[in-house]
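Every number in this text was worked out from the coordinates using simple rules, so none of it is lab data. This is a predicted model, so every value here is computed, not measured. When we count neighbours, we look across all protein chains shown, and the Cβ atoms used for this are built from the backbone with ideal geometry, even at glycine.
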Amino acid sequence: MEEKRTSSYHTEENALSCIADDTALRIYGKIVRSREMEYQVIKAVEEKRVIAPVYLTLGQEAVAAALTEFIHGEMVFTQHRAHDIYLSLGADLGKFRDELLGLESGFSGGRAGSSCLRYMEDGIRLIGHHGLIGENVPQAVGASLASGECVFCVFGDGSAEEDYVLESLGYAVTKQLPILFVCMDNDLSILTKVAERRSWDLAQVASGFGMESRDLSDCPWTLYEIFRNWDRKAPLLVNVRVCRERWHSGIGIDGEREWKRNEIVREQLIRKGLEKEVMQIEDDAREEMDLLWNN
Ligand SMILES: Cc1ncc(C[n+]2csc(CCOP(=O)(O)OP(=O)(O)O)c2C)c(N)n1
Ligand SMILES: [Mg+2]
């Protein structure tokens, strides 16, 4: 199917109708595989096979699934919660598993773990953070400035409050750097909600700096179109509302998430007549992750 370009949508289903079925299914596949991998990580933590802290992306994975459709070898700067990006970029999952297990064969020799992802092979340039939240934002700006390249940068709503993040956003506008900033706004900095922490809105602040910005839900179809329409000539900031499903660190649950994006996406695809494909993707992902973690 020819993909139609449009600038606005009245509904999420309308956005989905403009995306080729194979693209939509590939995005769903990344969502499902990310989730199945996280379930295996949870199991490994329960069994005490993984003992270092884990920062799960469970619940937030639709954004990475859409975003990575547009990353083909560009530098990607992420922070501690980025399992979904690692997987969705196609980085080696055996090295990810081994890293979490603390083995030499992990992507950083088993010494970095869940929060400091790094993968610089197979045409992928994923640079995780080292511990300071938001440090990846000035790094992304510096990398784009020095290289002249288009760069992707994903950070959280808590990091957005760091002074060096805000000044870096401003500088990216001043230098008109081609950086796509994605703020994964799960409304939480550890346990504190945005409304208790600040009175300002990140998309509006970016816009005040002169940066094009959007504030959206985590519908992957709408995000796909926004990312696809970015002309890579100037920075763009997209604040995306997501639901973190588990604790800040670790595998605990505090309660029901406000919405279940993976289930919404699943129903939308089934209503489009793709039930058979959806079921196949789910079976394959379960089998793949079970094989990866339990052999
Ligand atoms: C500079 C700095 N301040 C505080 C911390 C402690 N800290 C670790 S994670 C975190 C919350 C981060 O929230 P957010 O950026 O929204 O990411 P999320 O965990 O919600 O994905 C904080 C405050 C830190 N690591 N670095
Ligand atoms: Mg947060």
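The amide H of ARG125, built 1.01 Å from its N in the peptide plane, has GLY73, VAL76 as neighbours under 5 Å, considering only residues 5 or more places off or on other chains. Between LYS260 and ASP187, the distance separating the two model label sites (each 7 Å from Cα on the Cα→Cβ line) works out to 1.8 nm.
For the pair GLU275 and LYS233, the difference between a 0.36 nm per residue extended length and the Cα-Cα distance amounts to 11.2 nm.
Residues ASP92, ASP185 in ascending order of nearby Cβ atoms (within 10 Å, fewest first): ASP92, ASP185. Projecting label points 7 angstrom from Cα along Cα→Cβ for ALA195 and ARG286 puts them 3.9 nm apart. What shape does segment 12-293 take by its C-alpha gyration tensor, where a ≥ b ≥ c are the square roots of the eigenvalues and a/c under 1.5 counts as rounded, a/b above b/c as prolate, and the rest as oblate? In terms of gyration-tensor shape, rounded.
Using the Kyte-Doolittle scale, find the helices of the chain whose mean hydropathy is at least 0.5 and whose Cα atoms extend 30 Å or more along the helix's long axis, counting only whole DSSP H runs. Please list the in-between numbers first.
Details: long enough: 21-46 (37 Å, -0.44).
Both cut-offs are met by no helix.
Expressed to the nearest 5 percent, the antiparallel share of DSSP beta bridges inside segment 12-293 is 15 percent. Counted residue by residue at 0.36 nm each, then reduced by the alpha carbon distance between them, the extension gain from ARG49 to TRP247 reaches 69.4 nm.
With 24 Å as the limit, the listed pairs LYS30/LYS272; LYS43/LYS276; LYS30/LYS276; LYS233/LYS260 have LYS43/LYS276; LYS233/LYS260 beyond it between alpha carbons.
Here each label is just a point 7 Å from Cα along the line to Cβ, and for LEU132 and TYR164 those points are 0.2 nm apart. If you run the Gaussian network model on the chain, springs between alpha carbon atoms under 10 Å, then out of ASN239, ASN262, ASN229 the most flexible one is ASN229.
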